[in-house]
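Structure record follows, encoded as structure tokens.
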Amino acid sequence: MTRPRRGPVAAALTLALLVLTGCSSDSETPAAGPSSDPTSATAEPSERLSDRASESAGSAPAESASPSTAAPDPISIAALAEADLPGGGLRLGAVRERTAGYTSYDVTFRSTLAGRGTRPLTISGVLNVPRGEGPFPAVVLAHGFIEPSSYVRGQGMTRERGFLADRGYVALHVDYRNHAESTDDPRVQSAVRLGYSTDVIAATKALRASDEVDVDPERIALFGRSMGTGVILKALEIEPGLAAAGVAWASVSSLEAQNYRHFNAADPAFATEREAMQRRHGLPAESPGFWRGISSRPAFGSITEPVLLAHGRNDETCPPRWARATQRALTEAGVDSTLEWYDDQHAFGPVFVPAMNRTVRFLDRRMPG
């Protein structure tokens with residue numbers, strides 16, 4: 001996927017965008033969708049043998065029978081799993097909108113620079129709170145890729161946020177560090193955006209600890225789309241048991257080397273960033289261990305929550321085979337996972353309503369009141 005060249009200021013933020021680069025639709029208006037449910041996950045797009053072989057070759061090798069005592073790479077999912085990741089300080093700001101079903105607020109909460117002291121970060125977001133009395137179930141939303149220099153607060157999952165709040169769910173949209181009014185993280189480039197998962201974990205903890213919003217701490221789910229699917233899968237691995245369920249729409253690959261090859265390897269706009277990545281970490285062929293360490297798939301066995309995946313059969317941004325391979329790997333790792341197919345593309349236009357209805361039924365069943 002080709003993106004325009006950036007100026008020197010924006011380029012400073014793009015090294016972390018070299019990997020994990022899925023796309024998000026900027027469209028916020030739900031199209032009218034059919035009222036029927038999608039077909040079952042067995043009616044999948046065709047799978048080429050070459051695709052299957054490529055995915056198998058990119059998977060992590062089997063774990064050694066003997067335990068390793070080596071410390072994990074500080075930039076890895078394993079290192080974050082060992083870190084103390086605080087979160088809290090949810091503060092409600094200006095009212096953005098009042099509807100018959102909910103009130104929407106600008107909010108901030110605390111996250112952290114994991115791995116380097118306890119320096120706090122302030123993360124901005126948007127919170128929809130249903131009308132009525134709680135405690136409410138809640139969903140933390142992780143949006144897809146939008147250029148940080150043009151991103152505005154709450155962008156990317158406005159449709160999902162409103163839909164959930166109208167059905168009785170508190171919905172917290174996370175802007176991520178270096179987006180909107182969030183604090184800039186000088187390490188976001190070298191940490192290949194693992195901090196986004198840290199921010200989602202912090203948002204979940206902020207909801208659980210809030211005195212301002214009546215949330216049931218045992219009924220909080222994570223919901224990501226496109227790039228955000230990688231963000232939430234890693235959050236589930238880093239802190240098993242923190243959330244009650246996960247939802248992944250239009251997912252990027254769960255192998256970061258595959259995302260790199262698909263989105264960035266041949267893009268001339270990323271030549272400078274590729275050189276910096278090669279110097280710091282090595283490219284996938286040079287440092288396969290590093291790329292496995294920042295990928296969610298090798299750590300799927302750490303996930304203890306059920307996961308629902310939804311993907312368009314005609315997705316040209318994130319190939320359907322990625323979702324199929326991810327769901328297969330989740331199942332092999334013992335994760336309770338389901339993959340639903342829809343006749344749509346990456347942005348979920350015509351099928352948005354039935355896909356959201358299916359998602360809400362999943363959440364209602366997995367987080368009963």
Count of residues meeting criterion [out of contact with any strand residue (DSSP E or B) (no Cβ under 9 Å at 6 or more places or on another chain) and in a helix (DSSP H, G or I)] in segment 224-240
3
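Results for (1) touching an Asp or Glu at 6+ places or on another chain (Cβ under 9 Å); (2) more than 24 Å from residue 346 (Cβ to Cβ); (3) hydroxyl-bearing (Ser, Thr, Tyr), shown as yes or no for each residue.
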site: 283; (1), (2), (3): no, yes, no
site: 287; (1), (2), (3): no, yes, yes
site: 294; (1), (2), (3): yes, no, no
site: 310; (1), (2), (3): yes, no, no
site: 318; (1), (2), (3): no, no, no
State whether the residues of segment 176-186 include one that is aliphatic (A, V, I, L, M), over 25 Å from residue 368 (Cβ atoms) and at pLDDT 95 or above.
yes
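Of the residues 202, 142, only one is surrounded by 18 or more Cβ atoms within 10 Å (Cβ to Cβ) and in contact with a Pro (Cβ under 9 Å, 6 or more places away or on another chain); which? Let's see the steps before the verdict.
Working: 142 fails: in contact with a Pro (Cβ under 9 Å, 6 or more places away or on another chain).
Exactly one residue qualifies, and that residue is 202.
Quick grid of which residues meet (1) within 18 Å of the chain's Cα centre (by Cα); (2) at positive phi; (3) not in a loop (DSSP other than H, G, I, E, B):
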| position | (1), (2), (3) |
| --- | --- |
| 311 | yes, no, yes |
| 326 | yes, no, yes |
| 340 | yes, no, yes |
| 349 | no, no, no |
| 355 | yes, no, yes |
| 359 | yes, no, yes |
| 365 | no, no, yes |
| 368 | no, no, no |
Within segment 144-176, which residues are touching a residue at least 24 places away in the same chain (Cβ under 8 Å) and of a type in the set (S, T, N, Q)?
149, 155, 158
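Out of 203, 248, 243, 221, which single residue is modelled with pLDDT of 95 or more and part of a helix (DSSP H, G or I)?
203
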Can you tell me which residue among 261, 274 is free of Cβ contacts under 8 Å to residues at least 40 places away in the same chain, not in a loop (DSSP other than H, G, I, E, B) and not acidic (Asp, Glu)?
261
Take the residues in segment 328-338 that are in contact with a helix residue (DSSP H, G or I) (Cβ under 7 Å, 6 or more places away or on another chain) and part of a loop (DSSP other than H, G, I, E, B), then tell me which one is nearest to residue 232 (Cα to Cα).
335
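Would you list the strands (runs of 3 or more DSSP E) that sit entirely within segment 77-170 and hold 1 or more residues that are under 26 Å from residue 360 (Cα atoms) and in contact with a Phe, Trp or Tyr (Cβ under 8 Å, 6 or more places away or on another chain)? Even if it seems obvious, please write down each step before you answer.
Values: elements: 88-98, 102-112, 120-130, 136-142.
The strands (runs of 3 or more DSSP E) meeting that bar are 88-98, 120-130, 136-142.
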Give the residues of segment 318-347 that are surrounded by fewer than 21 Cβ atoms within 10 Å (Cβ to Cβ) and of a type in the set (Ser, Thr, Tyr), sorted by residue number.
331, 338
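Residues in segment 171-198 that are on the phi < 0 side of the Ramachandran plot, among the hydroxyl-bearing types (Ser, Thr, Tyr) and part of a loop (DSSP other than H, G, I, E, B): how many?
As a first pass, look at segment 171-198 and keep what is on the phi < 0 side of the Ramachandran plot: 171-175, 177, 179, 181-191, 194-198.
Going one step further and asking which of them are among the hydroxyl-bearing types (Ser, Thr, Tyr), we end up with 182-183, 190, 196-198.
So of that shortlist, the ones also part of a loop (DSSP other than H, G, I, E, B) come out as 182-183, 190.
So the count comes out to 3.
The values are calculated or read from the model by the stated rules, or taken from the named source; none is laboratory data. The shown structure was predicted, so the numbers you read here are calculated from the model rather than taken from an experiment. For neighbour counting, all protein chains shown are included, and Cβ atoms are generated from backbone atoms with ideal geometry for every residue, glycine included.
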